Amino acid sequence: HPDDRDLVLEAALTKQIQGTYDEEYRIVRPDGSVRWIEDRAFSVKDKTGRVYRIAGVAEDITARKRVESLLATEKAILGMLLTEASLAVILDVLCRQIEEQAGGMKCSILLLDADSVHMRYVAAPSLPASYVRDLDGFAIGPTVGSCGTAAYCGRQVIVSDISTDPLWDGYRDVGLRNGIRACWSTPIFSAGGKVLGTFAMFYGAPRSPSEFEAHLIEQVTHLATIVIECKRADAALRESEERFRALYDDNPSMYFTVDADGIVLSVNRFGTEQLGYCVDELVGHSVLTVFHEEDRQKAVECLHVAFQAPAQVHQWELRKVRKDGCVLWVREDVRIIQDSAGKPLALVVCKDITDRKQAAEERERLIVHLQEAMSQIKVLQ
């Protein structure tokens, strides 16, 4: 192989003569196919120490190298799922690594739009840009090339020569113009059996899949399913979390999560604004910090009752104190929930009822005042 010639030449001139020799390299056969060879040799010397013969054994290790390469690809791709890499980036890396394992092949991954009708190129690192541009967004159908037909019918479509296959009647010119003669496309299915898209292999000469290529297609489509579903699940989770966070932060109630020791685990934006604290001044600190000193013991008792009866929703009214010293009356609704590890924590929803309390107190004062006034009238009478 051109990329390995310098390695082999250097080894032949040095290692074989100096002693044992063990190298792995690629050879190119007359039909253009590439094989991996493990070459082990040693020098044979005469009585004077002159090397007069090299003896050795060359073994075809192509199958082993392919397995090792595929396992390395799977490890790399699965590792990328733990990073912030986008779906498009991961699938592009997958295509590039697969192309390295099948010399002379170009590949692509297309995904169905949300309408389940149109196909979009997500990864096609080696295909001509003009080919991708001309076909991106095409509608699937029963006779729409290899990929459109595979996605529509939900089965693998092997076109060994696009110049004669009727499936390519509407796309033959663009294919031949871009150096494509063979195209094999395989649907990528979700775990539930829904077509997500297609994985395709392209060659510049008419041909059908070898046993190795058939195995490679099977492995790639399985790996692509894992990647697509994981990244989409991550995106859905992030979207759900963002919606929850928006509701949590912007809800016109104070939200706290508190552990059994009374330590604040989280607080929403409205809560920090109402109390005048920043998040860092509340999270990680005792919830008693924000209670009126006369109500702190009652708050401890109420929290204890809530954790002792987790199936119930608890409610009480207490006073909180803003950072600026202003006193607020709040009604607290407490429900015990569990975190992702199953640990119980209290979800506390606080409503500011200061105005209601002040109105009630004013009403009480008026009633007392009227009662006193009535008493005085009776005395005068």
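Applying the selection to the stretch 230-267, what residues are assigned to a helix (DSSP H, G or I), modelled with pLDDT under 75 and either in contact with a strand residue (DSSP E or B) (Cβ under 9 Å, 6 or more places away or on another chain) or basic (Lys, Arg) (or both)? Within the stretch 230-267, Arg243, Arg245, Tyr248, Asp249 qualify.
Scanning the stretch 133-153 for residues that are among the β-branched types (Val, Ile, Thr), open to solvent by 30 Å² or more (accessible area, probe 1.4 Å) and in contact with a strand residue (DSSP E or B) (Cβ under 9 Å, 6 or more places away or on another chain) yields a single hit, Ile140.
The one condition from (1) within 20 Å of Val117 (Cβ to Cβ); (2) surrounded by fewer than 19 Cβ atoms within 10 Å (Cβ to Cβ); (3) touching a Leu at 6+ places or on another chain (Cβ under 7 Å) that Lys194 does not meet is (3). In the condition set (1) open to solvent by 50 Å² or more (accessible area, probe 1.4 Å); (2) under 26 Å from Ala214 (Cβ atoms); (3) among the hydroxyl-bearing types (Ser, Thr, Tyr), Thr62 is compliant with all but (1).
Scanning the stretch 289-338 for residues that are assigned to a helix (DSSP H, G or I) and basic (Lys, Arg) yields Arg296, Lys298. Looking across the stretch 200-224 at every residue that is touching a strand residue (DSSP E or B) at 6+ places or on another chain (Cβ under 6 Å) and of a type in the set (Gly, Ala, Ser), the one that is farthest from Gly103 (Cα to Cα) is identified as Ala224.
Looking across Leu91, Leu81, Leu70, Leu127, one residue alone is closer than 22 Å to Lys194 by Cα, surrounded by 15 or more Cβ atoms within 10 Å (Cβ to Cβ) and within 27 Å of the chain's Cα centre (by Cα). It is Leu91. For the stretch 315-331, residues that are of a type in the set (Val, Ile, Thr) and out of contact with any Cys (no Cβ under 6 Å at 6 or more places or on another chain) total 2. Ile180 passes every criterion in (1) crowded, with 20+ Cβ neighbours inside 10 Å; (2) outside any loop (DSSP other than H, G, I, E, B) apart from (2). Within the stretch 29-55, the only residue that satisfies the criterion of being in contact with a strand residue (DSSP E or B) (Cβ under 8 Å, 6 or more places away or on another chain), surrounded by 10 or more Cβ atoms within 10 Å (Cβ to Cβ) and among the hydroxyl-bearing types (Ser, Thr, Tyr) is Ser43. The residues of the stretch 224-239 that are within 15 Å of Leu82 (Cβ to Cβ) and open to solvent by less than 50 Å² (accessible area, probe 1.4 Å), listed by number, are Val227, Lys231. Please go through (1) open to solvent by 60 Å² or more (accessible area, probe 1.4 Å); (2) at pLDDT 90 or above for Ala311 and return the number of the only condition it doesn't satisfy. (2) is the only condition that Ala311 fails. Among residues of the stretch 157-177 that are over 15 Å from Thr143 (Cα atoms) and in contact (Cβ under 8 Å) with a residue 24 or more places away in the chain, those with a beta-carbon under 6 Å from a residue that is in a helix (DSSP H, G or I) and open to solvent by 30 Å² or more (accessible area, probe 1.4 Å) at least six positions away or on a different chain give the pairs Val174/Asp134.
The values are calculated or read from the model by the stated rules, or taken from the named source; none is laboratory data. Computed from a predicted structure; not experimentally measured. For neighbour counting, all protein chains shown are included, and Cβ atoms are generated from backbone atoms with ideal geometry for every residue, glycine included. Accessible surface areas use protein heavy atoms only, side chains included; no ligands, DNA or RNA. Shrake-Rupley method; radii C 1.70, N 1.55, O 1.52, S 1.80 Å.
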